[in-house]
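A.B. asks: Next up is a structure, given as structure tokens.
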Amino acid sequence: MTQEQAYQALQKSTISVFSTMLNLTVSPGEPCEKVDPPPINGVMALLGFTGEWIGTGVLFCQEKLAMRLSAAMLLNDVSEISPDVLDGIGELANMVFGNFKDNLEPISGALAISIPTVVYGRNFQARSPGNRAWLVAPFTVDDDTFEARVCLLPKKNQPAPGRR
């Protein structure tokens, strides 16, 4: 599997979920790779991948967009980050990366995803062990931006537990 194939699957799944579930049009930006994304402020949902490839998927957005997306999912007004907002972003990530998994499996082989973990805060950072590169796919929805990130490696290339 190439980075381009992973990006195409991520782009397709993100556009589809936002259109179908939120009735929002998103525009993809230029993908890039980041080894160590900088500290951020906002809401981040993380899911793990297992199978022929292993790694992590991340959906990240600022507070304002997190509230807007959750309001669209819940069909109500949202004025602050609450457990419902965090649950909404987790479910959104679950849908995006579930579709990503389905789009990628013909190329990658069987994959499974974990349940999402959602983090909210200021000046925090997520890293993969070994300082691996993340595929970062930026998107815009109106004037807001968000990122879908993936770090995947073939399972056979992983070191044995406890070894580096």
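The values are calculated or read from the model by the stated rules, or taken from the named source; none is laboratory data. These numbers were taken from a predicted model, which means no experiment stands behind them. Heads up, the Cβs are rebuilt from the backbone with ideal geometry, glycines too, and the neighbour counts pull from every protein chain shown.
A.B. asks: Using the structure shown, decide if Phe146 is at pLDDT 95 or above, in contact with a Cys (Cβ under 8 Å, 6 or more places away or on another chain) and either buried (at least 16 other Cβ atoms within 10 Å of the Cβ) or not charged (D, E, K, R) (or both).
C.D. replies: On the way: at pLDDT 95 or above: yes; in contact with a Cys (Cβ under 8 Å, 6 or more places away or on another chain): yes; either buried (at least 16 other Cβ atoms within 10 Å of the Cβ) or not charged (D, E, K, R) (or both): yes.
So Phe146 passes the test.
A.B. asks: Among strands (runs of 3 or more DSSP E) lying entirely in segment 1-93, which contain 2 or more residues that are surrounded by 14 or more Cβ atoms within 10 Å (Cβ to Cβ)?
C.D. replies: 40-51, 53-61
A.B. asks: Could you check how many residues of segment 85-142 are under 18 Å from Ile54 (Cβ atoms), of a type in the set (A, V, I, L, M, F, W, C) and in contact (Cβ under 8 Å) with a residue 60 or more places away in the chain?
C.D. replies: Total meeting the criteria: 12.
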